[in-house]
Amino acid sequence: MSVLKITAENFVKEVLQSEKPVLVDFYADWCGPCKMMAPVIEEVAGEVSDVKVGKLDIDSELEIAQRYGVMSIPTLIVFKNGEAVKRDLGAKPKKAVLDMLGEIAN
């Protein structure tokens, strides 16, 4: 599965109303650690089928970032049944992201 571009227009449908859990990577183009996370997020999206993976540009979608208290980036938030159920800050290795998703599935 490819990484979804999450925007204000599709946030409710793709994230809050999703049948599957959704991992959202809150990032910005100017953020070095975010750039390091980009290939990790792509790999995770290619490996998991039971979770949607999306990226949300905080510069374009500041209101959504503020709504979920995103103060530093990258921030990863997992949404399940419309609720933010897990969050992690900073660049992470792929295993840490997969472990985070594994906790949600159980």
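The values are calculated or read from the model by the stated rules, or taken from the named source; none is laboratory data. Worth saying up front: this structure is predicted, and the values here are computed from it rather than measured. Neighbour counts run over all protein chains shown; Cβ positions are idealised from the backbone, glycine included. Accessible surface is based on the protein model in full, side chains and every heavy atom, while ligands, DNA and RNA are left aside. Shrake-Rupley method; radii C 1.70, N 1.55, O 1.52, S 1.80 Å.
Worth pointing out:
- Applying 1/(1 + (r/R0)^6) with R0 = 30 Å to the Cβ-Cβ distance of Asn10 and Asp99 gives a FRET efficiency near 0.65.
- Accessible carbon and sulfur surface of the chain relative to its total accessible area, %, 1.4 Å: 54
- Among (i) -0.60, -1.10; (ii) -0.27, -0.89; (iii) -0.33, -0.97, the entry that matches log10 I(q)/I(0) by the Debye sum over Cα atoms at q = 0.11, 0.19 Å⁻¹ as calculated here: (ii)
- Computed log₁₀ I(q)/I(0) - Debye formula, equal Cα scatterers, no solvent, region 32-85, q 0.21 Å⁻¹: -0.92
- Fully extending the segment from Lys35 to Ala84 would add 15.3 nm, taking 0.36 nm per residue of separation and subtracting the current Cα-Cα distance.
- Accessible area in square angstrom per residue, region 40-104, 1.4 angstrom probe: 50
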